[in-house]
Amino acid sequence: MAELTKTCIRCHKNIKVEDLHKIVIYVVQEKFTEHHYEHVECPGKFTV
């Protein structure tokens with residue numbers, strides 16, 4: 001089974017299976033755009 005490569009739209013790094021991430025869909029002129037992926041917190045930018 002081929003695995004889909006997900007890339008963060010903020011930091012442009014690959015999102016690993018175990019990384020916490022979200023799917024981002026924009027609404028433009030009342031139509032959904034294609035979906036994108038984004039880390040919840042990009043690596044190297046974690047806050048405590």
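The values are calculated or read from the model by the stated rules, or taken from the named source; none is laboratory data. Everything numeric in this text was worked out from a predicted model, so none of it was measured. Quick reminder, even Gly has a Cβ in these numbers, built from the backbone with ideal geometry, and neighbours come from all protein chains shown. When the accessible area is computed, the model is the full protein with side chains, heavy atoms only, and any ligands, DNA or RNA have been set aside. Shrake-Rupley method; radii C 1.70, N 1.55, O 1.52, S 1.80 Å.
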Query - Cross-chain or 6+ apart pairs with Cβ under 9 Å, region 6-17 first and free of Cβ contacts under 8 Å to residues at least 24 places away in the same chain, then in a strand (DSSP E or B) and hydroxyl-bearing (Ser, Thr, Tyr) - result: ASN14/THR7
Query raised in the report: Would you say GLU41 is open to solvent by less than 80 Å² (accessible area, probe 1.4 Å), assigned to a loop (DSSP other than H, G, I, E, B) and either among the charged types (D, E, K, R) or modelled with pLDDT of 85 or more (or both)?
Result: yes
Query raised in the report: Any idea which residue in region 23-38 is modelled with the highest pLDDT, counting only those that are surrounded by 10 or more Cβ atoms within 10 Å (Cβ to Cβ) and part of a strand (DSSP E or B)?
Result: VAL24
